[in-house]
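Visitor: A single structure is presented below for examination.
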Amino acid sequence: MRSDFAWHGAPGKYVRAASVHNALRPFGKLDFYCNEDNFYKYNMIVQTLGAPVQLKTLLGCVLSLLLGSLPAAQAALSVTLAWDPDPGVAGYRLHYGTSRGRYTETKDVGNTTRSTVWSLTAGETYYFVVTAYNTAGLESEPSNEVSFTATPVRLISPVADFDGDHHTDLLWRDSQSGDVAIWLLDGPSVIQAAVIAKVPLHWKIIGLADMNADGKTDILWYDTTATGQAYAVWYMNGMSVENTQLFSLPVNYPVVFFADLDGKGTVDAVEYQPDSGAVVICPNTGDLTFYAAYQCTVLEGWVLLGLADLNGDGHHELIWRNRSTGEVVAWYLTNFQPSRSVNLFTPSLNWQLRGIGKFNANPSDAFVWYHSNPWANSGTIAIWNFNSAGQCSSSLLGIAPFPWEIYGAGNSEILWYNPNTTQFAFSSVNGTTTTPSAINIIPESTWLVQPLSN
């Protein structure tokens with residue numbers, strides 16, 4: 001899955017841009033980008049940028065240590081790792097540290113092949129290996145080493161509402177078969193659930209947006225093998241695909257945000273290339289015809305998080321964050337050109353933006369932030385509300401039980417994810433309550449909520 005962290009040696013490793021545009025702050029640049037495959041997984045090896053690495057063995061087992069991606073809402077101050085199982089072992093130990101080949105921390109994870117490490121330091125690179133042990137206490141040699149750089153930012157995807165009832169719904173895809181499923185929800189209650197289609201895996205779900213202004217979320221697709229009309233939209237009505245339409249974008253960058261940028265009722269696009277920091281603003285002239293109105297390469301250190309309507313006027317602004325300072329800046333547009341930037345606030349890097357959406361009938365979008373504190377088995381939630389002048393006021397929403405993490409937000413609801421149980425949950429935002437109510441259905445592990453990440 002596309003992920004908000006650096007996997008050293010992974011396909012898609014970045015190359016720095018030779019030139020940058022300095023006319024207007026902030027411009028950002030992501031210095032990492034991973035391919036959308038869930039894992040680079042091979043039978044007995046881990047694929048690196050070059051020759052495969054053969055793993056050492058002991059106890060008759062071969063381990064493949066895989067740097068896995070968290071769901072879209074999981075911030076990169078924690079990381080989940082997975083490896084191939086071996087039926088002959090009693091358990092596994094995960095070893096890690098901040099120097100290559102030196103592991104100062106050891107976590108006995110028992111007989112499981114997946115583990116999450118929390119409370120990583122932003123900007124620090126961590127190195128991981130796994131060992132197996134048997135019932136006699138003999139321990140294997142370590143697996144190959146993988147590394148992970150903790151970053152405090154991720155890109156924000158909107159939540160879905162496929163039937164227009166103002167409740168968040170879930171879109172699923174089976175990563176092996178390509179099946180697509182929808183859960184229509186009323187809070188934690190599943191009202192209706194079904195597989196609605198099977199789509200070849202070279203088609204990736206890249207976004208959610210109401211493309212025809214009917215109050216129902218539509219599904220945006222990208223064909224990774226196509227040229228020209230590489231994009232498609234499914235116009236949704238609850239569980240039904242009412243119509244489909246192919247379209248093209250000017251540049252075919254890997255990240256696309258969809259929203260109304262000029263308040264005229266059509267959904268425009270912002271193409272973003274994390275590798276180089278290039279941004280292209282693409283107005284929609286109607287019937288999904290897009291053109292490049294403005295493009296630039298952004299300054300290093302800034303990340304484009306998403307789009308938000310900060311003053312309720314129907315125009316969406318570009319939201320940036322500085323990966324080093326934590327500064328959050330809105331980029332206002334006039335005629336699809338950047339006209340001014342506004343420093344909204346500079347929260348600590350430990351505060352992570354987890355959702356952008358509508359809350360409590362406010363026409364402006366709100367930001368939902370999360371600060372995890374695993375040592376206290378809790379996390380703190382805050383919300384930024386904006387008035388008609390785009391001015392921000394913040395308030396705490398309370399404490400959430402660890403290890404629940406915010407997956408997304410909107411429709412006056414917070415969508416949660418528990419990496420230990422793989423459960424999802426909901427809580428309504430009324431200014432005081434944040435306790436998640438879990439959905440009691442857990443799909444097979446091959447099913448992943450979409451979109452995985454921008």
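The values are calculated or read from the model by the stated rules, or taken from the named source; none is laboratory data. Here the structure is a predicted model, which is why all the values come from computation and not from measurement. Accessible surface areas use protein heavy atoms only, side chains included; no ligands, DNA or RNA. Shrake-Rupley method; radii C 1.70, N 1.55, O 1.52, S 1.80 Å.
Visitor: Probe radius 1.4 Å, ligands and nucleic acids left out: which of TYR332, TYR291 has the largest accessible area, and how do the rest follow?
Guide: TYR291, TYR332
Visitor: Oh, and also: Based on a Kirkwood Rh over C-alpha pairs, give the Stokes-Einstein translational diffusion coefficient of segment 210-345 at 10 °C and viscosity 1.306 mPa s in µm²/s.
Guide: 101
Visitor: Subtract the Cα-Cα distance of ALA194 and LYS264 from 0.36 nm times their separation in residues, and report this length gain in nm to one decimal.
Guide: Working it through step by step, the gained length comes to 21.7 nm.
Visitor: If you don't mind, another one. Using Cα pairs closer than 8 Å and at least 6 residues apart in sequence, work out the relative contact order for segment 209-348, in percent.
Guide: Reported relative contact order: 14 percent.
Visitor: If each residue of separation counts as 0.36 nm, what is the full-extension length gain between VAL251 and THR125 once their alpha-carbon separation is subtracted?
Guide: Gain in length upon complete extension: 42.1 nm.
Visitor: Per residue, how much accessible surface does segment 192-311 expose to a 1.4 Å probe? Answer in Å², no decimals.
Guide: Per-residue value: 36 Å².
Visitor: Decide, for segment 169-248, between rounded, prolate and oblate: order the square roots of the alpha carbon gyration tensor eigenvalues as a ≥ b ≥ c, take rounded if a/c falls under 1.5, and otherwise choose prolate if a/b is larger than b/c, else oblate.
Guide: Verdict is oblate for segment 169-248.
Visitor: If you count only protein heavy atoms and use a 1.4 Å probe, how large is the accessible surface of CYS282, to the nearest 10 Å²?
Guide: So the heavy atoms of CYS282 present about 0 Å² to solvent.
Visitor: Report the full-extension gain for the segment SER388 to THR325: residue separation times 0.36 nm, less the Cα-Cα distance, to one decimal in nm.
Guide: Separation in residues times 0.36 nm, less the Cα-Cα distance, equals 19.9 nm.
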